[in-house]
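Scroll down for the structure; my scribbles are underneath it.
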Amino acid sequence: PHTTPPHLACCIMTDPGSAEGNSIRVAVRVRPPNAREIELGSAEVLECSETMVEVMTGSSDDKSYSYDRVFSLGETQEAVFNAIGARLVENALSAYNGCIFAYGQTGSGKSHSMVGNVASAAEKGVLPRACVQLFELLSCRQGNFQATVFGSYFEIYGEKLFDLLSGGRDVRGELQVRVHPQFGAIVPGLTECPVQSADEALELLDFGAKRRAVAA
């Protein structure tokens, strides 16, 4: 098991198409000091390498944590996407399912890493960058290749599943995750919207994000 210090946000990536033969990889990203920590003058105690975080307390309680990838304070949104998101999109076009599971304490930077500022070229996160890359890759396909893209967006909050594209929580119905023998995990009744471009995908992302529960 991987233990995550409170100042880190963690991503677990499942990638059956991994060339390295390892379908699960774990990465962490160090967040900058928050306002309270700055006000208190808290010292920085982390030392990071590409695959390890060391918590330096100046005592015998120093600890180190190893991961497949560590993103330090200086790493950009683009670097995060290139390391954990780009290959998932590429493998999706080869019929491999992929997943990024981001977790961490409230305020640890999950939403920033995964969504970020969609309107900013530098600060947009993994999801909007994945939308752009998907349609760029589709446009490069030649021959008789055809693809139809659908977008869905849901959250699990309070042990209930909410369809964020349904127009409101009152019309979500009783949605549950099921396992299909051919397609794997599915959610029957979940809204699926046809998407023709990256801009349309980003509009859906924004629409659903505004309907998320507070602190979800």
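Split the accessible area of the range 34-145 by element, probe 1.4 Å, and carbon with sulfur accounts for 50%. Cross-link partners for Lys63 among the lysines, with Cα-Cα distance under 21 Å and sequence neighbours closer than 8 places in the same chain left out, do not exist in this structure. Straight-distance candidates among the lysines for linking to Lys210, with alpha-carbon spacing under 23 Å and chain neighbours fewer than 8 residues away dropped: Lys110, Lys124, Lys160. Rounded to the nearest 20 debye, the dipole size of the range 73-169 about its Cα centre is 120 debye, using +1 on the Cβ of Lys and Arg and -1 on the Cβ of Asp and Glu. Residue ranking by accessible heavy-atom surface, 1.4 Å probe, largest first, among Lys110, Lys160, Lys210 comes out as Lys210, Lys160, Lys110. Using θ = phi - 60° in the Karplus curve 6.51 cos²θ - 1.76 cosθ + 1.60, the 3J(HN,Hα) couplings for the range 93-100 round to 6, 9, 6, 9, 6, x, 8, 10 Hz; x is entered for Gly and Pro. Ranking Ile100, Ile84, Ile24, Ile38 by solvent-accessible area of protein heavy atoms (1.4 Å probe, all protein chains present), from largest to smallest, gives Ile38, Ile24, Ile100, Ile84.
Take each peptide in 59-68, 139-148, count the other Cβ atoms within 10 Å of every residue, and average; sorted highest first, the result is 59-68, 139-148. Ranked by the mean number of other Cβ atoms within 10 Å per residue, highest first, peptides 123-130, 193-200 order as 123-130, 193-200. Report, to two decimal places, the Cα Rg of the range 65-177 normalised by 2.2 N^0.38 Å (N = number of residues). Ratio of Cα Rg to 2.2 N^0.38 Å: 1.24.
The values are calculated or read from the model by the stated rules, or taken from the named source; none is laboratory data. Given the structure is predicted, the values throughout are model-derived calculations rather than measurements. No Cβ is skipped: glycine too gets one built from the backbone with ideal geometry, and neighbour counts run over all protein chains shown. Please note that ligands, DNA and RNA were not included when accessible areas were found on the heavy atoms of the full protein model with its side chains. Shrake-Rupley method; radii C 1.70, N 1.55, O 1.52, S 1.80 Å.
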